[in-house]
Amino acid sequence: MIAPDTASTLKAERRFDLAAAGLIGAIAVLAAILAIVQVDTSQNATRAQQQAATLASNLAARIQTSSMTEAQLLNLEQASLALSMQGLGRQISALAAGDDGSQAVGAVEESTAQKLTAAIGATSKTSGASPVDPYTAGMVNASTDDLLRELAEQNRQADLANEYGARNTLAVLGLSFLALAGVLVGLAAVLREGRAGWFTIGIAALMSVAATSAALLAVAAPVWLLHNIGLG
């Protein structure tokens, strides 16, 4: 027959063991969930950062290429116009002087200017057909609207990278809380049932609650909240 005091002690120890076991199980489940969240948010943040960097590089190339192409086309158009005016003036002067040779040269100059104008127009309106590939054509023909759309997408990807980075930080924070909670449960197992043991179990439970909160924020927190707490 077990003495009442011994039975009471055994029941208290059993409650302590059940509490520790339940807390260890909860920590294991939370750790698994947070590990998945952390990996997912890390991969998404990396993907968005790479996309933002690619778009930024492409945007800079398109601005430089389209600006350079536009400047060159403007110079060629000015040269074509000057050649056309020169040819027309030569023909008028030759006609007044009765100089058939100069008039023929002027006609050739005017014809050449027209061909140059046609070539400039064909170049500036390339659609990506051979020999110009679609990517190069997009570089050459990039309009202000095209550049603004690409800039908006680049900014969106940068915002996504920041958002996923904030969620990843929360997941890592939750894992840190769980690691501390696991250490405290181990310490409580050493202290066993008693004031110190139960106090340690209580602190470990609080760490688990904090980890749960971090997990919920990492998964479902709106972007404005991430900004308000300094993580977005």
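Between helix 4-97 and the chain there is an angle of about 10 degrees, using the helix long axis and the longest principal axis of the Cα atoms. Computed from these coordinates, which is Cα extents along the principal axes in Å: (1) 92, 36, 27; (2) 79, 36, 30; (3) 141, 33, 21? Evaluating Cα extents along the principal axes in Å on these atoms matches (3). Projecting label points 7 angstrom from Cα along Cα→Cβ for Ala28 and Asp146 puts them 5.9 nm apart.
Helix 100-124 and the longest principal axis of the C-alpha atoms of the chain enclose an angle of approximately 10°. Given +1 at the Cβ of Lys and Arg, -1 at the Cβ of Asp and Glu and no other charges, the dipole of the chain around its Cα centre is 1240 debye to the nearest 20. Between Val190 and Ala56, residue separation times 0.36 nm minus the direct Cα-Cα distance comes to 42.6 nm.
Taken along the Cα-to-beta-carbon direction at a fixed 7 Å, the label points for Val223 and Leu73 span 3.4 nm.
No lab work stands behind these numbers, since they all come straight from the coordinates. Please read these numbers as outputs of a predicted model, since none were measured by experiment. Note that we place each Cβ from the backbone using ideal geometry, even for glycine, and neighbour counts take in every protein chain shown.
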